[in-house]
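Following: one structure in structure tokens, then a few remarks.
Read-outs: derived from the displayed coordinates by stated rules, not from any lab. Here the structure is a predicted model, which means the values were calculated and not measured. Positions of Cβ are backbone-derived with ideal geometry, glycine not excepted, and every protein chain shown enters the neighbour counts.
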Amino acid sequence: MEFSSKLLERAVNEMSQLPGIGKRTALRLVLHLLRQPKEQTTGLSEALLNMRNEVKFCKSCHNISDVSLCEICASASRNKSIICVVEDVRDVMAIENTSSFKGLYHVLGGKISPMDGVGPHDLNIETLVAKVKQGDVKELIFALSSTMEGDTTNFYIYKQIQDYKVVTSTIARGISVGDELEYADEITLGRSIVNRIPFESALKL
């Protein structure tokens, strides 16, 4: 792809590094921004810079937040004895959109995947186990995707906390095996949370 401007080429190259954005799509987006009023493009760039420089991760659940303790963890209306374990912040958003869960979350930041070089110590598992050890958690809901990596991660955490008095459950298999939570429709995902099953039962399936 030939460019008449080095500035345009750099902008396209940077844009094309985003997931699912090829060079042609990146060019179309950059040219669209170029045609917009300067204030709009400036607003976008400032929003991205502010997000990158100022966004925080909740000290309790590791969800993205503007402050040290996210709104969900700080809310007095949430059931703090139930924790839903998810892979990343997109899963928190997906479950919150169902309005079916009123507990807290714990964002692992990924799944155990030896093929990708991701082990238990690369994830936020130690802080989850520490919460269970404190004794305030009554139930853990495993809401990771129904993949081999998701099931491996669930089982690893289960082994770490099985000696403590905490109920472990997993979302019902309304979510097809191999599916990611963020792509599930809200009704199916909501029912999967409400109709969760004991994790020990899931091991026998």
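Going by C-beta contacts inside 10 Å, put Glu14, Glu9 in order with the fewest on the left.
Ranking Glu14, Glu9 by Cβ neighbours within 10 Å, fewest first, gives Glu14, Glu9.
What's the magnitude of the charge dipole for the range 74-116 around its Cα centre, counting Lys and Arg as +1 and Asp and Glu as -1 at the beta-carbon? Answer in Debye, nearest 20.
Using Cβ point charges on Lys, Arg, Asp and Glu, the range 74-116 gives about 260 debye.
Please report how far the C-alpha centroid of the range 110-166 lies from that of the range 33-84, rounded to the nearest whole angstrom.
So the separation of the two Cα centres works out to 25 Å.
From the phi angles alone, apply the Karplus equation (6.51, -1.76, 1.60; θ = phi - 60°) to the range 45-57 and give each ³J(HN,Hα) in whole Hz, x where the residue is Gly or Pro.
For the range 45-57, the Karplus-derived couplings read 5, 5, 4, 5, 5, 4, 4, 5, 8, 10, 5, 10, 10 Hz, x marking Gly and Pro.
Kindly put Cys73, Cys61 in sequence by how many other C-beta atoms sit within 10 Å of each C-beta, fewest to most.
Cys73, Cys61
Using θ = phi - 60° and the Karplus relation 6.51 cos²θ - 1.76 cosθ + 1.60, list the HN-Hα couplings for the range 10-24 in order, rounded to whole Hz, with x at every Gly or Pro.
5, 4, 5, 4, 5, 5, 6, 7, 6, x, x, 10, x, 4, 5
Check Tyr105: other-chain or 5+ apart residues with amide H under 5 Å from its amide H, H built from backbone geometry?
For Tyr105, the qualifying residues are Cys84.
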